[in-house]
Structure formats: C-alpha cells, structure tokens
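**Q** Dumping the structure here so I can ask a few things about it.
The values are calculated or read from the model by the stated rules, or taken from the named source; none is laboratory data. Quick caveat: nothing in here was measured; it's all calculated off a predicted structure. Because the Cβ atoms are built from the backbone with ideal geometry, glycine has one as well, and the counts that use them run over all protein chains shown. Heavy atoms of the whole protein, side chains included, go into the accessibility calculation; ligands, DNA and RNA do not. Shrake-Rupley method; radii C 1.70, N 1.55, O 1.52, S 1.80 Å.
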Amino acid sequence: MSGAGDRGRALARWLGTGLLGLVLMLPTTLPLEVSVGKATTIYAVNSSEVLLPCTFSSCFGFEDLHFWWTYNHSDTYKMLIDGIVKNEKSDPRVRFKDDARLTLVGSTKNKMNNISIELSNLGFSDTGKYTCHVKNPKEKGLEHNATIFLQVVDKLEVVDNTVTLIILAVVGGVIGLLIFILLLKKLITFIIKKTQEKKKECLVSSSGNDNSENGLPGSKAEEKPPTKV
C-alpha cells in the first residue's frame, strides 16, 4: 500500500509540473494600454491650438469601448469630453463635450485606435493636466489612463544650441587632429624606411666597387690569366 501511494504522489507531481509548463508556454496576452506619447509635457502658445494625443491598444479587441478626457489643475477638475466606440470598424462617437473649443480628431478604423483631441483658442487658464481614460467592457470593464501636462506660454523660447555646437566643433576638431597625426606618423615612417633601404643599397654597392679597385680577395683583380704551355 505504501508503494502504491508513493507512485500516486509521484504521478500527481509529474502531471502538475507538466501542466505548469504548458501554462508558461502559452503566449501571454497584453491587457488594455493607453498612451499619450513619449513627451510628458507639451508647450503651446497662447491663442493658438494644440493637439493632445491619445491612443490605446488591446489584444482582446474591443466592443462598446468607453473613453473620456478629464482636466485637472489646482482645485479644478472636470470632464472635457465623453464618447464611445462601438467596434473596431467604427469611428468614435462623442456623447458629451464640455467646451466648444474641443474637437475629437482621432479615428479607430484600420487599427489606428486614436482618440486624440484638439483644443483651439488657448488661454493661460488651460494650463494643467489632461488625462485620457479608456474602459473596455470586453476585458471585464478594465480601465486604464494616461496623463499629459499642457503648459500655455506667451511665446516659445528658442533653444540656444551655441554651447552644443561649440562642444561638437571641439570634439570634431580633436578627432580630425588625431587622424591627421596618425596619417602623418605613417607617412614619416614610410619615408624613413625607404631612405634606410636606399642607404643600405648604396653601402653594398660602394663596398663591391672598393674591393674591385684594390684587388682584394674575391674581386675581379685577383683573377689571373691561364698559363701558356
């Protein structure tokens, strides 16, 4: 009985390990995600217009998706726009809009999933946090949001790139100088090598001529004509 029980427990552990492995091998499905882009702050000039981006994604798909934008600054909190997207083949439909200056410019067709809004005739009082909310009933009502900060300014400051340009010029000059020094070094080495080779050839040639003139052993002067009998 004890042996049968051990075998049963071992089989159960083996089955459990196998099922766990199968679960881990299954592809994971990403939940609902909302993005307002990489920039967390947008600067816009007073009396101009600005685009507040927002896109969403869901691997489960969506149906009757609910979206809305809110504004928050200091003690002010309000809903700006509220809408719904019936399915992936239809564009978003606005059900509520707090401000006539707001325009929904996004589209959800062709998998764009864009619910961005445009705010025109900006004023300094429009400075604040703008949050894009998305709720997907197909994911058991999962809701996600992303926030972007809008700063309304009198004029956009021109970024002074003088220091950056100077640094780039100095770095480029140093790199160019190093390359020039390396090339010059190779050229000088090549010239010295050729000069030494020529000197060596001249010395060998000069030594041969001296031996011939002085009749030293191994020279042509040492050769004697054959003796006549």
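**Q** Please report the net charge: other residues with Cβ closer than 11 Å to the Cβ of V134, K and R +1, D and E -1.
**A** Taking every other residue near V134 into account, the sum is -2.
**Q** Next question, about the same structure. Mind checking segment 26-128 for trypsin sites (Lys or Arg not before Pro) that DSSP puts in a loop (not H, G, I, E or B) and that have at most 13 other Cβ atoms within 10 Å?
**A** Hits after loop and neighbour filter: K38, K89.
**Q** Here's something else I'd like to know. Local charge sum around D98 (other residues, Cβ-Cβ under 15 Å, Lys/Arg +1, Asp/Glu -1)?
**A** Combined, the nearby Lys, Arg, Asp and Glu give 0.
**Q** Another question, if that's okay. Just to make sure I understand: if all protein chains stay in place, what is the order of M112, M79 by accessible area at 1.4 Å, largest first?
**A** Largest to smallest exposure gives the sequence M112, M79.
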